[in-house]
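Student: The structure is given below, and queries will be raised subsequently.
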Amino acid sequence: MKFYTRILAAGLLSLAPLAAQEPTPNAPATATAADDIEADLAELKQKAESGDVDATQQLYTAYALEGRTEEAKSWAQRYEQQLTAKAESGDKQAMMLLASAYLKGKDYMPQDIGKAVTWLTRAAEAGLPSAAYILGEIFTQQGNTAEADKFYKQAYTQYAAHTAQLSSPLTTEQSNALYWQGYMQLMGIGTAKNATEGVAKMEQADNAWAWSQLYRCYVKGIGVEKDIAKGISYARKLADEAKDGLMAWVVGSTYLKGEGVPKDEALGRRYLDTAAAANIPPAIYHKGTLLLAEGKAREAYEAFNQAASMGVPEAMTAAARLLLTGAEGVEKDEERALNMLRIASDRYDDIRAPWELGQYYDSVGEPELANTWYKIASDRGVIEAMARRGLLHITPNSGLNWSPTQMYRWWRAGSDAGDPTCSLYLNLFLFGFIPLVLILSFGVPILVVNRLNKKALQEEAEAEQRKADADK
């Protein structure tokens, strides 16, 4: 049912959401407070009593927000009755509103898929393609492909009918119908799959839904040749015209990195600031990293702290790092920093947080605690922790099994990933320790041993290359 919300928002449905659960009642209002509420709602109540469905909805919402559950329930029940009466009289909008409420189970109305299907069927029969499409989704979820295909085909036919004669400029209904017709052709839903025609119709639709889908098509090469620059052009439309904060973040980060588009820091920063102002968490974190690179530690900390409060684990780690060091303008606070790092690591599985904790406990002389966090960091792929992980496998009482093989594997993995410490340890092991042991034990010349080691490494590299070539 992933398309329900998108379809119901197409101008065919505008039901304001309410929590499915009853609100927690507030403390009993005083007589004066209750009188004030009634006075404020008097005009709304008069409209609701005269049959104004919108007023009735606003009224029970207002009572719910005040914690007056019984009044809210009563007016919600009247709303359902009024809406049902309108739907029974043939009002298609009312049919869709009822279907939405029963489908999701909200506004004090329990979920009832049967009733939802009934009203969606009536709306589809009345000519609403969105109703037929939702029915297709419902029956798909239920595993009834025959019924799903029937309604998908009905939806496509109805969308096509809306686009048979187009005006200039397009009406909202025509634009929406073109998008859905194009999307169904792109995906092969309810009609034969035709990506070329589908993309062409979405480009003709030229609305926010189409821009969003076209961005994905061109960036991922779905139905068209991959073209990141063109995809980003649609993302910019979403950011500029639809005020889509998430797309502003996508555009900003793309131009800042120069991925598929010419690198443009000024343009990227402008979109990044727009996204951050729209409270997009990763954009706020990214802005913090740029501020830190500019030497503005205090401003960076504020951005990191904001993003951390929104659940961005990388921001928690970045803010904690500044708190631990007491960067310029940031008051040192080890307790808060360690708490943030533990939350980032334990609750959000952040990659870098365990490494930072290991570094901290090493610095205060608690190697056992440090080793615990280094182990977690290496398991998560932090290459700097792999040198320590290798040592732990040859250290008595480290808590890890004694294994020179594991030691070698961790050092080799870290070395291959570019960690200089792992490379140093690996070379000392291969060209220092092993030759020394062989000379002392068997009298083998060191030159021979080193040549054998180099040959073994070369053969291993060649084997890996052959395997990579075979995989291609």
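The values are calculated or read from the model by the stated rules, or taken from the named source; none is laboratory data. Everything quoted here is computed from the prediction, not taken from an experiment. Methodologically, a virtual Cβ is constructed for each residue, glycine included, from the backbone with ideal geometry; neighbour enumeration extends over all protein chains shown. Surface areas here come from the heavy atoms of the whole protein model, side chains and all, with no ligands, DNA or RNA. Shrake-Rupley method; radii C 1.70, N 1.55, O 1.52, S 1.80 Å.
Student: Kindly list the number of the only condition in (1) within 20 Å of Ser212 (Cα to Cα); (2) assigned to a helix (DSSP H, G or I); (3) open to solvent by less than 30 Å² (accessible area, probe 1.4 Å) that fails for Leu291.
Tutor: Going through the list (1) within 20 Å of Ser212 (Cα to Cα); (2) assigned to a helix (DSSP H, G or I); (3) open to solvent by less than 30 Å² (accessible area, probe 1.4 Å), Leu291 breaks only (1).
Student: Something else: Residues of segment 404-425 being hydroxyl-bearing (Ser, Thr, Tyr) and either open to solvent by 40 Å² or more (accessible area, probe 1.4 Å) or within 35 Å of the chain's Cα centre (by Cα) (or both), which ones?
Tutor: Thr405, Tyr408, Ser415, Thr421, Tyr425
Student: Can you pull out the residues in segment 62-96 that are open to solvent by less than 20 Å² (accessible area, probe 1.4 Å) and either without any contact (Cβ under 8 Å) to a residue 24 or more places away in the chain or in a helix (DSSP H, G or I) (or both)?
Tutor: Selection gives Tyr63, Ala64, Thr69, Ala72, Ala76, Tyr79, Leu83, Ala87, Ala94, Met95, Met96.
Student: While we're looking at this one, here's another question. Would you be able to tell me the number of residues in segment 101-127 that are part of a helix (DSSP H, G or I) and within 30 Å of the chain's Cα centre (by Cα)?
Tutor: The total comes to 6.
Student: Among the residues of segment 134-166, which ones are under 22 Å from Tyr102 (Cα atoms), among the polar types (S, T, N, Q) and without any contact (Cβ under 8 Å) to a residue 12 or more places away in the chain?
Tutor: Within segment 134-166, Thr140, Gln142, Asn144 meet the criteria.
Student: Now a separate question. Restricting to segment 172-192, name every residue that is touching a helix residue (DSSP H, G or I) at 6+ places or on another chain (Cβ under 7 Å) and open to solvent by 60 Å² or more (accessible area, probe 1.4 Å).
Tutor: Correct list: Glu173 only.
Student: I'm checking my understanding of the structure. Among residues of segment 397-412 that are closer than 13 Å to Phe429 by Cβ and among the hydrophobic types (A, V, I, L, M, F, W, C), which one is modelled with the highest pLDDT?
Tutor: At the first step, the residues of segment 397-412 found to be closer than 13 Å to Phe429 by Cβ are 404-412.
From what is left, the residues that are among the hydrophobic types (A, V, I, L, M, F, W, C) are 407, 410-411.
On the way: Met407: 88, Trp410: 92, Trp411: 89.
Only one residue fits best here, namely Trp410.
Student: Report, by residue number, each residue of segment 320-335 that is aliphatic (A, V, I, L, M) and assigned to a loop (DSSP other than H, G, I, E, B).
Tutor: Ala327, Val330
Student: Turning to a different aspect of this structure: Here are Ala248, Ala229, Ala235, Ala275: which of them is of a type outside the set (Val, Ile, Thr) and out of contact with any helix residue (DSSP H, G or I) (no Cβ under 8 Å at 6 or more places or on another chain)?
Tutor: When all the criteria are applied, what remains is Ala229.
Student: I'm checking my understanding of the structure. Among residues of segment 361-379 that are over 18 Å from Gly414 (Cα atoms) and either part of a helix (DSSP H, G or I) or touching a residue at least 40 places away in the same chain (Cβ under 8 Å) (or both), which one is most open to solvent (accessible area, probe 1.4 Å)?
Tutor: Of the residues in segment 361-379, the ones over 18 Å from Gly414 (Cα atoms) are 361-370, 372.
Okay, now just the ones that are also either part of a helix (DSSP H, G or I) or touching a residue at least 40 places away in the same chain (Cβ under 8 Å) (or both), so 361-363, 367-370, 372.
Details: Tyr361: 20, Asp362: 58, Ser363: 89, Pro367: 68, Glu368: 153, Leu369: 70, Ala370: 0, Thr372: 75 Å².
By that ranking, first place goes to Glu368.
Student: Of the residues Asp112, Asp107, which single one is at pLDDT below 90 and either over 20 Å from Tyr133 (Cβ atoms) or open to solvent by less than 60 Å² (accessible area, probe 1.4 Å) (or both)?
Tutor: Only one candidate passes the filter, namely Asp107.
Student: Failed condition for Thr317, given (1) β-branched (Val, Ile, Thr); (2) under 29 Å from Leu238 (Cα atoms); (3) in a helix (DSSP H, G or I), with all others met?
Tutor: Every condition holds for Thr317 apart from (2).
Student: Sticking with this structure for a sec: Within segment 229-268, can you find the residues that are in a helix (DSSP H, G or I), open to solvent by 60 Å² or more (accessible area, probe 1.4 Å) and either basic (Lys, Arg) or within 17 Å of Tyr218 (Cα to Cα) (or both)?
Tutor: Lys230, Arg236, Lys237, Lys257
Student: Mind checking whether some residue in segment 210-218 is closer than 19 Å to Ala235 by Cβ, surrounded by fewer than 18 Cβ atoms within 10 Å (Cβ to Cβ) and either without any contact (Cβ under 8 Å) to a residue 12 or more places away in the chain or not aliphatic (A, V, I, L, M) (or both)?
Tutor: Yes, some residue in segment 210-218 is closer than 19 Å to Ala235 by Cβ, surrounded by fewer than 18 Cβ atoms within 10 Å (Cβ to Cβ) and either without any contact (Cβ under 8 Å) to a residue 12 or more places away in the chain or not aliphatic (A, V, I, L, M) (or both).
Student: When you scan segment 167-194, how many residues do you find that are over 31 Å from the mean Cα position of the chain (by Cα) and in contact (Cβ under 8 Å) with a residue 12 or more places away in the chain?
Tutor: Matching residues across segment 167-194 total 1.
Student: To continue, here is another question. Only residues that are surrounded by 11 or more Cβ atoms within 10 Å (Cβ to Cβ) and over 17 Å from Gly190 (Cα atoms): list them for segment 146-171, please.
Tutor: Correct list: Leu166, Leu170, Thr171.
Student: Continuing with the same structure: Do you know which of the residues in segment 173-203 that are at pLDDT 95 or above and hydroxyl-bearing (Ser, Thr, Tyr) is nearest to Gln154 (Cα to Cα)?
Tutor: Out of the qualifying residues, it is Thr191.
Student: Something else now. Is it the case, given these coordinates, that Ile37 is at pLDDT below 70, assigned to a helix (DSSP H, G or I) and more than 34 Å from the chain's Cα centre (by Cα)?
Tutor: yes
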